[in-house]
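First the structure, in the form of structure tokens, and then the observations on it.
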Amino acid sequence: MSMSSETAQTANTPDADSTQFQPRSATRIITGRRSIRRFLPDDVPAETLRAILTDAARAPSGTNTQPWKVWSVTGAARNRVSQAVCAAALAGERFEEYPYMPSPLPEPYLSRKRQVGYALYELYGIARDDYPARTQAMLRNFEFFGAPVGLFFTMDRDLLHGSWLDCGMFMQNVMLLARDHGLETCPQQAWCEFGNVVHEAVGIPQSEILICGMAMGFADPDAPENKLVSDRIDLDEFATFLAT
């Protein structure tokens, strides 16, 4: 079993006299990142958000195409899209923007998905068969987990797989830069399950495909669900090193 981010950071932090690897700030930012599921209501300064997105745009993209687009919602706009999607979710009006995973999901991916789901419900204090409570927990996705800033990432619908890679690298930059500013995030593909509602509520043209949503704000340090640190498989399970 791989170490948690906190354990990994402690293990890699040497004494003052040690010559062992000393993590730089980027290492700590990356290994400490997690998906936050309860935020404080404190506003994020507009200039901070603009700085994060500006710097994130240094992400690489094929032939510098820079395909990413961002729709930021706060205040009334945030509440409007949240209410619209919550209503659609309760009514069962699901409309997937694109297929995210195969169905059925094969192993070992299914077990990993179930493991993190069960761990999260345990922190929420929700029994596996308590479906009303599970529904309420699901709806918190569409309240941005209380975060004051919601982000929607899109790109032109006619672009192909390479541009999806570019947008993913841009999103990762956003999440890491947010931490550098004392903020946290939660990437949320769940919004894409109600893509038509998001398009209408936010005003995103159909010529753009909704890739992902994201909650951003200040993490609630006392929320039990924010203690979740998902496991990572060992390096040798996913990496192959060839020398000849």
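The values are calculated or read from the model by the stated rules, or taken from the named source; none is laboratory data. If you're wondering where the values come from, they're calculated on a predicted model, not measured in any experiment. Positions of Cβ are backbone-derived with ideal geometry, glycine not excepted, and every protein chain shown enters the neighbour counts.
Odds and ends about this structure:
- Answer residue from region 158-194, given it is among the charged types (D, E, K, R) and within 25 Å of residue 86 (Cα to Cα) and is surrounded by the fewest Cβ atoms within 10 Å (Cβ to Cβ) among those: 193
- Taken over region 103-145, the residue count meeting the criterion of being loosely packed, with under 14 Cβ neighbours inside 10 Å and of a type in the set (Asp, Glu) is 2.
- Within region 117-155, being touching a Gly at 6+ places or on another chain (Cβ under 6 Å) and of a type in the set (Gly, Ala, Ser) holds for one residue alone: 147.
- Tally of residues being assigned to a loop (DSSP other than H, G, I, E, B) and in contact (Cβ under 8 Å) with a residue 60 or more places away in the chain across region 209-244: 10
- Some residue of region 172-183 being in contact with an Asp or Glu (Cβ under 7 Å, 6 or more places away or on another chain), under 28 Å from residue 46 (Cα atoms), at pLDDT 95 or above and not in a helix (DSSP H, G or I): no
- Residue satisfying condition, being under 16 Å from residue 97 (Cα atoms) and charged (D, E, K, R), within set 193, 184: 193
- Residue 206 being out of contact with any Lys or Arg (no Cβ under 8 Å at 6 or more places or on another chain) and under 27 Å from residue 85 (Cβ atoms): no
- Sole exception among (1) of a type outside the set (Val, Ile, Thr); (2) assigned to a helix (DSSP H, G or I); (3) over 27 Å from residue 42 (Cα atoms) for residue 206, by number: (2)
- In region 183-209, residue nearest to residue 135 (Cα to Cα) [restricted to those that are of a type outside the set (S, T, N, Q) and under 16 Å from the mean Cα position of the chain (by Cα)]: 190
- In region 159-178, the residues that are farther than 14 Å from residue 30 by Cα and either of a type in the set (A, V, I, L, M, F, W, C) or free of Cβ contacts under 8 Å to residues at least 60 places away in the same chain (or both): 159, 160, 161, 164, 165, 167, 168, 170
- Residue match in region 82-102 (condition: without any contact (Cβ under 8 Å) to a residue 12 or more places away in the chain and within 15 Å of residue 145 (Cα to Cα)): yes
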